[in-house]
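Only one structure is covered here, and it is reproduced in the block below.
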Amino acid sequence: MDDFIAGLPKLELHLHLEGTLEPALMLHLAERNGLTLPWADAATLTAAYQFDCLQSFLDLYYQGCNVLRQEQDFFDLTWAYLERCASEQVVHVEVFFDPQAHTSRGIPFETVLAGIEAALQQGERDLGISFRLIMSFLRHLGEDAALTALARTEPWLDRIHGIGLDSSELGYPPEQFIRLFARAKALGLPLVAHAGEEGPADYIWQAIRQLGVRRIDHGVRCSEDPDLLHFLADTRLPLTVCPLSNVRLRVFPTMADHTVLTLLEQGLCVTINSDDPAYFGGYMAANMHALVAELGASREQLCRLSLNAVEASWLNLEAKARLTRSILGYAACQGVSLS
């Protein structure tokens, strides 16, 4: 199974670039920018990665963001992630970045975008990893702040592929961001939103009905609402599920309690992703290994999860057909029947 997972073509649709900031790189960037962190070394920093909820993670996440100052910092962050993708046979990524986490510190938006974009373009050119870039807004800062941020970034929106909504979920339901998403839709941007991670199933309905999203990020609380389950199965509106993240943030007590394979067998378009892998213990391959070890995921199920990611991606039809053939061909070579 290790070899099978290593060779399986993968797509990642739910990844926060700032969440790929590994301890060694965080310390390196702090030193480069003349900053002092409260951790003496990588081991001490890693030991701080003990979270009891989403907010406890976010507190450390935003502290880590503070070391990102220069265009080169954002390039190095993104490039390190893409190198990991290349080593794990991840062939397409649709990644989030949080501009408000940086512009609020006085970092120009163009500095953030230039560094990330340069790395993504180099990754496509040199590593063969195609990409889409999603600008996400921090819901705990409120809709007015998000609208202001969106307006200020309009000169660069031809380089952005979609709009997302993340950060603290409880207390910030999707319905608080109707104007933001209406404006983004008017600008022609595809829409996604985090919903149904810590928040209830109703937050998923709100994101669908009131925000008009094309994908739900997380969405695992859908199991609480039978009508929602039927809707998601019938429409194949995708869920970008992040198993290791869900366990580390206590959405599920253990991986053995996770419902992702149940949702898969109920006909939902669920996909596997790593969310903030530097903090949650693993990238794409590690998430798949966890499904095998704790849930008994089969090779056929892993292939179906990858095919779901092709379906859920924002690639054009030609690229989707090419990747579908690649996954089906790999499955056939491995003796896996997907008929």
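Every number here is computed from the coordinates shown, using simple stated rules; none is lab data. Quantities reported herein were computed from a predicted structural model and do not represent experimental measurements. So basically every Cβ, Gly included, is an ideal-geometry build from the backbone, and we count neighbours across all protein chains shown.
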Next item on the list: Report, by chain and number, residues whose modeled amide H sits under 5 Å from the one on residue 252, excluding near sequence neighbours (fewer than 5 apart, same chain).
Entry: 247
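How much length, in nm to one decimal, is gained on full extension between residue 338 and residue 145, taken as 0.36 nm per residue of separation minus their Cα-Cα distance?
Here the segment from residue 338 to residue 145 would lengthen by 64.8 nm.
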Item checked: Lys/Arg +1, Asp/Glu -1 at C-beta; the chain dipole; positive extreme among 247, 298, 121 -> 121
Next item on the list: Give me 320, 185 ranked fewest to most by other Cβ atoms within 10 Å of their Cβ, as a rough exposure proxy.
Entry: 185, 320
Checklist line | Per-pair calculated FRET efficiency, R0 = 45 Å: residue 36 and residue 6 via Cβ, rounded to 0.05 | finding: 0.70
Notebook entry, point to check: Which residue, 123, 171, 64, tops the fluctuation ranking in a GNM of the chain built on C-alpha contacts under 10 Å?
Noted result: 171
Check: Pick from 69, 105, 132: which residue has the top mean-square fluctuation in a GNM of the chain where Cα pairs under 10 Å get a spring?
Finding: 105
Notebook entry, point to check: GNM on the chain, C-alpha springs below 10 Å: top fluctuator among 62, 81, 283?
Noted result: 62
Margin query: Using a 7 Å offset from the Cα along the Cα-to-Cβ direction at both residue 178 and residue 70, what is the distance between the two label points in nm, to one decimal?
Written below: 4.7 nm
Next item on the list: Hey, can you grab everything whose amide H is under 5 Å from the amide H of residue 195? Only 5+ residues off in sequence or another chain; H modelled, so Pro and N-termini drop out.
Entry: 217, 219
Item checked: the chain: relative contact order in percent, alpha carbon pairs under 8 Å with at least 6 residues between -> 19 percent
